[in-house]
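Taking it in order: structure first as structure tokens, then the write-up.
The values are calculated or read from the model by the stated rules, or taken from the named source; none is laboratory data. Keep in mind the model is a prediction, meaning the values are calculated, not measured. Note: accessible area is taken over every heavy atom of the protein model, side chains too, but ligands, DNA and RNA are not part of it. Shrake-Rupley method; radii C 1.70, N 1.55, O 1.52, S 1.80 Å.
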Amino acid sequence: MEFSILHTDPASSARSGLLKTGHGTIPTPIFMPVGTAGSVKGIHQRDLKDEVGAPIILGNTYHLYLRPGMDVLQKAGGLHSFMNWDRSILTDSGGYQVFSLAANRKLLPEGARFQSHIDGSRHMFTPERVVDIQRIIGSDIMMALDECTPWPCDAAYAKKSLDLTHRWLDLGWERYRNTGPLHGHDQTFFPIVQGSVYPDLRRRSAEYIAGKGAEGNAIGGLSVGEPAEDMYAMVAEVNAILPADKPRYLMGVGTPVNLLEAIALGVDMFDCVMPTRNGRNGMLFTARGILNMKNRKWMDDFSPVDEDGHCFADTQYSKAYLRHLIVSGEMLGAQIASLHNLSFYLWLVRQARNEIENGSFSTWKEKMVSVLATRL
RNA sequence: GGGGAGAUACCAAAGUGGCCAACUGGGGCAGACUGUAAAUCUGCUGUCGCACGACUUCGGAGGUUCGAAUCCUCCUCUCCCCA
């Protein structure tokens, strides 16, 4: 993997860059649609490329391991081939499932023991195993196994968890260094900073993570319920330590405003289920604000879904029609809303990049932040 | 023509003397959702009030009772079966 920074914003820590993987070049800052189980829910690959314009998407180690399973993925020749996606893929390690499936897992020094949410069967995820699985999946960017700590989280637990995440990182890193790709393209490995909302723990973790000399670094354990100001503060702490010449990935973030604020703090990569999940649930993000398409007020509003939108559905369907589809539980409603939200997210990071290159990012960001959170 | 069943809130449907402003579903309205156990979940849904609460409701009219959606009388309407 290669990363180069092209421009930096004079008034913030924002920067634009190019990230090259074996599956293409990714302009940064970038938002990566989440495709947990080998599919970005409701969006087929053609639209993901042609309408959304996504150069990279996510997959999930835990979910793909359970279904379709390693045997199928191996026979398929990896996830790219299996899902017919020739652009980049980043896989999460299952660290988020350590958090979200907390009731179904047990943390041990050697890894995380899961009980499948599908059939209750028991599985052991060690940091090494998670690398092996991601080798089979063939993701361009593999993630270290970590514990995504919940919020609130007391300092004692956060510290203990941090030590576990670092220990796991050592084991995963070692396995990464001692193995190679299986599908003929390069794979890299990102470690993850933890430390909850404690600046000293965050700094300690950032130093530890930076010490690995990975090609990119991730910030995890945020946007789990803490106030946005805490999240920004932690990102600022961490980014002061993580190498500036390597991409920084803020995991699981976030709202359009979160993205712009984090870009200003020097973050290059994002992923979040929000555009797809909230889209399925009737929420639309636009450059003018947020719409809840279930609201009665759109019932007979025949104006386009989003006049300044960037996918075909934005201008070809009316708000009234989309509201009807969503209220009626029609699949097409979820598809249109997801497509719209993803193309909006990708437009947002593209525009941020343009503004960085024009040297106007900070003023543009300030203007956008208030507009994006408006309830229409 | 004969026999039977039933009328409850927007719809469906419980409730058959006080714990009923009335179970539950649906519908409606609103909210939540951040490395996806989510095409999911939560709240409200007679009127007024922020709330405590007050007021008016269970086809209509009258009656019994301390007290009625629930019991009695009459009326109106609906459905089913047999001719």
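Roughly how many percent of the accessible protein surface of chain A is carbon and sulfur, given a 1.4 Å probe and a whole-percent answer? If you can, show how the numbers build up before the last one.
Numbers: 7420 of 14830 Å².
Its accessible area is 50 percent carbon and sulfur atoms.
List the residues whose amide H sits under 5 Å from the amide H of A:LEU6, counting only those 5 or more places along or on another chain, with H placed 1.01 Å from N in the peptide plane.
A:SER16, A:GLY17, A:LEU18
Looking at chain A, how many pairs of lysines come closer than 22 Å at the Cα, when each pair is eight or more places apart or spans two chains?
Taking the Cα cut-off of 22 Å, the pair count is 13.
For the stretch A:17-172, what does the relative contact order come out to in percent, with C-alpha contacts under 8 Å and a separation of six or more?
Reported as a whole number, the value is 21 percent.
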